[in-house]
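Worksheet for the structure shown next.
The values are calculated or read from the model by the stated rules, or taken from the named source; none is laboratory data. This is a predicted model, so every value here is computed, not measured. Using ideal geometry, Cβ is built from the backbone for each residue, glycine included, and neighbour counts are taken over all protein chains shown. What goes into the accessible areas is simple: the full protein's heavy atoms, side chains included, and nothing from ligands, DNA or RNA. Shrake-Rupley method; radii C 1.70, N 1.55, O 1.52, S 1.80 Å.
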Amino acid sequence: MKPFAVLISALLFAAGTHAANALGAAALRSQYASMATRLATSELGGPLVLQSEDAGRRIDGEVFGVVEHPFETVASALAEQSAWCEILILHQNTKSCRRTTDARGTTLEIRVGKKGPQAPEQASLLAFRWVAATKRPDYVAIRMEADEGPYDTRDYRLFTEAVPLDGGRTFVHMGYAFSSSGAGSLAMGLYLATVARGKIGFTHEGDKYVGGVRGIAERNTLRYFLAIDAFLSQSQPEKRIAQWYDATERYPRQLHELERDEYLKMKREELKRPQK
């Protein structure tokens, strides 16, 4: 059996997920209009709306946000399979990402583990099948799925969609979803009572921030959104990892895990690992 910390890291990766599906071009544009006030007054310090829900053994989360990149740039990047390994590797718990292609299609083999340095063979595997990509002049969407993950987690879904806005900006919607069995729920409960005790999310409930599984979902959902923005902003891996770290440090209460030099050194080594 793998160490408990590895199990928790795998669950952490999945916990930034959401059960909702992509909305489609028309509905996403309507969503942007209806969210105008929330985007303009977001406590996240930018045009971002973060939502989450703990639905028992289904963990949900999504983020809507405006990025300062032209739609064509965003669409071309998100519709490219190889881009996603470069996006997902930015998270501190992602130890490696390898893209494989065979007669069944393309798979992103992601190894997730502890927040510090770790050999990929010691981390847990999540194999995401590339299901679909849609790219039109006014809309882009991608979807990936995995039937199962470590320790009885299953039914993984990952999607991102976007529409153009005026002024060379783009409205992005990203969501994840996964289910866990009783064993997975038990492991998560133990994690929340020990390692993650005191960690918080971004949503207020009364006079407190949410914690628990919702807190995990919110922290990781924002991390992946910031990874997309860093990938779009920087063509050089060194600048990309620096931007991602600095962006997460705008929310130290929720997202601080490693010191800057620790994170950069670790990612430089991880980026040397084969991605194809």
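Based on what the data block shows, is Arg240 crowded, with 22+ Cβ neighbours inside 10 Å, modelled with pLDDT under 85, not in a loop (DSSP other than H, G, I, E, B) and not hydroxyl-bearing (Ser, Thr, Tyr)? Walk me through how you get there before you give the answer.
Numbers: crowded, with 22+ Cβ neighbours inside 10 Å: yes; modelled with pLDDT under 85: no; not in a loop (DSSP other than H, G, I, E, B): yes; not hydroxyl-bearing (Ser, Thr, Tyr): yes.
So Arg240 fails the test.
How many residues are in contact (Cβ under 8 Å) with a residue 40 or more places away in the chain and part of a helix (DSSP H, G or I) when one looks only at region 243-253? First the steps, then the outcome.
Here is the first cut: in region 243-253, the ones in contact (Cβ under 8 Å) with a residue 40 or more places away in the chain are 244, 250-251, 253.
Checking the rest, the ones that are also part of a helix (DSSP H, G or I) come to 244, 253.
So the count comes out to 2.
Taking the criterion of being under 14 Å from Leu48 (Cβ atoms), touching a helix residue (DSSP H, G or I) at 6+ places or on another chain (Cβ under 7 Å) and of a type in the set (Ser, Thr, Tyr), the only residue of region 198-243 that qualifies is Thr203.
Any residue in region 57-71 that is touching a residue at least 40 places away in the same chain (Cβ under 8 Å), of a type in the set (Gly, Ala, Ser) and either open to solvent by 40 Å² or more (accessible area, probe 1.4 Å) or more than 13 Å from Asp229 (Cα to Cα) (or both)? Yes, that holds for at least one residue. Which residue pairs have Cβ atoms under 6 Å apart, sit 6 or more places apart or on different chains, and have a first residue in region 90-108 that is outside any strand (DSSP E or B) and a second that is of a type in the set (Lys, Arg) and at pLDDT below 95? From region 90-108, the pairs are His91/Arg223; Gln92/Lys115; Asn93/Lys115. Selection within region 243-276: residues that are of a type outside the set (D, E, K, R) and open to solvent by 60 Å² or more (accessible area, probe 1.4 Å). The member of this set that is modelled with the lowest pLDDT is Pro274.
What's the total number of residues in region 72-121 that are within 22 Å of Ser235 (Cα to Cα) and open to solvent by 20 Å² or more (accessible area, probe 1.4 Å)? Result for region 72-121: 10.
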